[in-house]
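None of the figures in this text is laboratory data; all of them are computed from the coordinates on show. Here the structure is a predicted model, which is why all the values come from computation and not from measurement. Here Cβ is always computed from backbone atoms with ideal geometry, including for glycine, and neighbour counts include all displayed protein chains.
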Protein chains: 2
Amino acid sequence: MDTGNIEIVEMFKGFSITQEDFRTIENKFQHLKLHKGDILLHENDIVYNNYYVLEGCLRAYFIDDSGKEHTLQFAVKDWWISDYTAFFSTGKAIMSIECIVDASLYKISKNDLEHLYLEVPQIETYFRKKLEKAFASFQKRILGNLSQSAKERYTTFIATYPNIEQSIKNYHIASYLGITTESLSRIRKDIALK
Amino acid sequence: MDTGNIEIVEMFKGFSITQEDFRTIENKFQHLKLHKGDILLHENDIVYNNYYVLEGCLRAYFIDDSGKEHTLQFAVKDWWISDYTAFFSTGKAIMSIECIVDASLYKISKNDLEHLYLEVPQIETYFRKKLEKAFASFQKRILGNLSQSAKERYTTFIATYPNIEQSIKNYHIASYLGITTESLSRIRKDIALK
DNA sequence: CGCGACGTTGATTTGCCTCAACGATTGTGG
DNA sequence: CCACAATCGTTGAGGCAAATCAACGTCGCG
């Protein structure tokens with residue numbers, strides 16, 4: 001067994017999977033490495049893959065009509081990332097995904113994943129549960145966007161993702177929160193002054 | 001067979017389910033009716049159930065610290081509704097759900113649903129796919145909130161959910177879009193003037 | 001009819017944006 | 001190792017979209 005296997009075992013920890021099923025699973029994953037600045041997925045690409053982060057950091061962002069970037073998601077160790085709107089329907093990406101800290105990933109294609117669901121039902125459960133968690137956090141984010149000020153959203157973000165904050169630039173946080181870098185700067189100043 | 005069965009068959013259209021599995025499934029659903037104004041779920045309730053709408057309209061809303069309501073979701077025919085943040089983790093509701101048009105529902109408990117996933121794998125697939133769709137639409141909503149003006153969000157809402165618009169008050173739309181009723185009124189006036 | 005719920009309109013305020021300029025920090029080539 | 005540029009963050013002045021506050025019209029219904 002090489003280290004790749006160990007990492008995939010880790011991915012499905014908590015799910016009892018036979019040795020045989022595990023062979024089926026690991027054959028469908030491919031490893032890849034990215035450097036800071038690399039674009040993993042471009043807007044308008046057809047989205048075939050779902051990506052699992054072993055290490056590093058990525059961000060999925062959307063560019064609106066006026067050219068502004070809006071970050072939908074960051075992904076660090078043990079997170080999945082893709083353009084799911086496109087991935088689930090095998091359509092074209094509306095977002096791009098870039099590497100913001102050198103990263104190591106596994107990818108699996110939609111086709112392989114659908115086959116895995118049939119061959120190894122625990123995998124479908126695994127992804128359903130992942131999706132449930134992601135769904136719940138999107139739900140909280142929507143409620144936060146509806147009910148909180150920029151300052152509140154910032155402090156919530158910092159409290160919720162202290163590990164992500166360390167890896168990213170302030171302008172990435174701003175684009176995630178839906179504010180400008182200038183506003184974020186003023187908010188941070190304000191907080192620093194107690 | 002009573003009409004209930006027919007409705008549940010309809011629920012899973014497109015999924016080939018044996019007669020025997022179908023008996024297992026239908027036994028876990030319970031029917032209920034609501035009148036306009038009824039509260040299906042209160043904030044702080046433990047959330048045991050997921051609800052399927054046969055007819056009528058409901059809304060899930062969150063009340064923030066200042067007492068303002070924010071609508072997360074509407075549900076009309078063939079939609080599911082619950083406080084999923086709580087349902088998935090069997091925790092306390094952070095939202096309430098009220099009936100805004102007399103409604104007829106089916107409910108299924110989390111426990112029964114988890115058992116169904118094991119007994120009838122197509123059910124897990126059904127809910128995974130539902131979740132994928134809901135996830136994608138939440139994603140679009142977040143991007144819309146980040147990148148669009150109130151007027152743009154309103155026109156997008158009307159275009160996306162023309163069937164829902166008919167059932168609900170303007171102040172419900174406003175609380176979904178994250179604006180005040182006054183602002184929505186001005187936006188509508190503006191649009192009416194071309 | 002009269003009351004409460006809903007929607008509209010106006011005046012004013014405000015949170016955040018825009019635009020512009022300027023520090024601070026990081027990276028890179030000479 | 002320094003010089004310089006690019007990137008990133010900060011600060012200020014002014015503007016604008018939407019909120020707030022207040023009043024009033026309208027509709028449906030007991």
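Distances from B:Lys13 to the same residue in each other copy, label points 7 Å out along Cα→Cβ, in nm, shortest first?
From this label point to the equivalent ones elsewhere in the assembly: 4.5 nm.
Roughly what angle does helix A:121-147 make with the longest principal axis of chain A, taking Cα atoms, 0 to 90 degrees, to the nearest 10?
10 degrees
Run the numbers on segment B:3-120 and let me know its relative contact order in percent, using alpha-carbon pairs under 8 Å that are six or more apart.
36 percent
Using +1 on the beta carbon of Lys and Arg, -1 on that of Asp and Glu, and nothing else charged, what's the dipole of chain B about the Cα centre, debye to 20?
Rounded to the nearest 20 debye, it is 880 debye.
Suppose you put the label 7 Å out from Cα in the Cβ direction; list, shortest first and in nm with one decimal, how far B:Ser183 is from each other copy's label.
The answer, with the shortest distance listed first, is 1.1 nm.
Cut-off 10 angstrom, C-alpha nodes, Gaussian network model of chain A. Which of A:Val53, A:Val120, A:Val101 fluctuates the most?
Result for chain A, Cα springs under 10 Å: A:Val120 fluctuates most.
What does the structure give for B:112-121 when I average, per residue, the other chain Cβ atoms found within 10 Å of the residue Cβ?
Across B:112-121, the average partner-chain Cβ count within 10 Å equals 1.
Determine the dipole magnitude for the protein assembly as shown: charges of +1 sit on the beta-carbon of Lys and Arg, -1 on that of Asp and Glu, nothing else is charged, the reference point is the Cα centre, and the result goes in debye to the nearest 20. Please list the in-between numbers first.
Details: 48 positive and 52 negative charges, 289 e Å.
Roughly 1380 debye, rounded to the nearest 20.
Put the label 7 Å from Cα along Cα→Cβ for A:His35; what are its distances to the other copies, in nanometres, shortest first?
Result, one decimal in nm: 7.0.
Measure nothing fancy, just the Cα-based angle from helix A:110-119's long axis to the longest principal axis of chain A, in degrees from 0 to 90, nearest 10.
50 degrees
If you filter segment A:51-146 for chymotrypsin sites (Phe, Trp or Tyr not before Pro), then keep DSSP loop positions with at most 16 other Cβ within 10 Å, what is left?
Values: sites: A:Tyr51, A:Tyr52, A:Tyr61, A:Phe62, A:Phe74, A:Trp79, A:Trp80, A:Tyr84, A:Phe87, A:Phe88, A:Tyr106, A:Tyr117, A:Tyr126, A:Phe127, A:Phe135, A:Phe138; in loops: A:Trp79.
Taking segment A:51-146 and a limit of 16 other Cβ atoms within 10 Å, the loop chymotrypsin sites (Phe, Trp or Tyr not before Pro) found are A:Trp79.
Can you give me the C-alpha center-to-center distance between segment B:137-194 and segment A:128-186, rounded to a whole angstrom?
Here the answer is 23 Å between Cα centres.
Return the calculated 222 nm mean residue ellipticity for chain A, to the nearest 500 deg cm²/dmol, obtained by summing -39500 (n - 2.57) across DSSP H runs with n ≥ 4 and dividing by the residue count. Mind dumping the intermediate values first?
Numbers: 9 runs with 95 residues, N = 194.
-14500 deg cm²/dmol, from helical runs alone.
With +1 assigned to the C-beta of every Lys and Arg and -1 to the C-beta of every Asp and Glu, and no other charges, what is the dipole magnitude of segment B:84-194 about the Cα centre in debye, to the nearest 20?
In total the dipole reaches around 480 debye.
Take the alpha carbon gyration tensor of the protein assembly as shown, find the square roots of its eigenvalues, order them as a ≥ b ≥ c, and report rounded if a/c is under 1.5; if not, report prolate when a/b exceeds b/c, else oblate.
oblate
At most 14 other Cβ atoms within 10 Å and a DSSP loop assignment: could you name the trypsin sites (Lys or Arg not before Pro) in segment B:55-85 that fit?
B:Lys68, B:Lys77
Taking segment B:3-120 as the region of interest, what is the percent of Cα-Cα pairs per 5 angstrom bin, listed from the shortest bin to the one with the maximum distance?
2, 11, 21, 22, 19, 13, 7, 3, 1, 0, 0
Which aspartates and glutamates have a Cα lying under 16 Å from the Cα of B:Lys77, excluding residues fewer than 8 positions away in the same chain?
B:Glu7, B:Glu10, B:Glu55, B:Glu98, B:Asp102, B:Glu165
Just name one of B:Ile158, B:Thr85, B:Tyr117: the one whose Cα is farthest towards the positive end of the charge dipole of segment B:55-194 (beta-carbon charges, Lys/Arg +1, Asp/Glu -1).
B:Ile158
What does the structure give for A:145-152 when I average, per residue, the other chain Cβ atoms found within 10 Å of the residue Cβ?
For this peptide, the per-residue mean of nearby foreign Cβ atoms is 4.
If you count, for every residue in B:172-181, the Cβ atoms of partner chains within 10 Å of its Cβ, what is the mean?
If you average over the peptide's residues, the count of other-chain Cβ atoms is 1.
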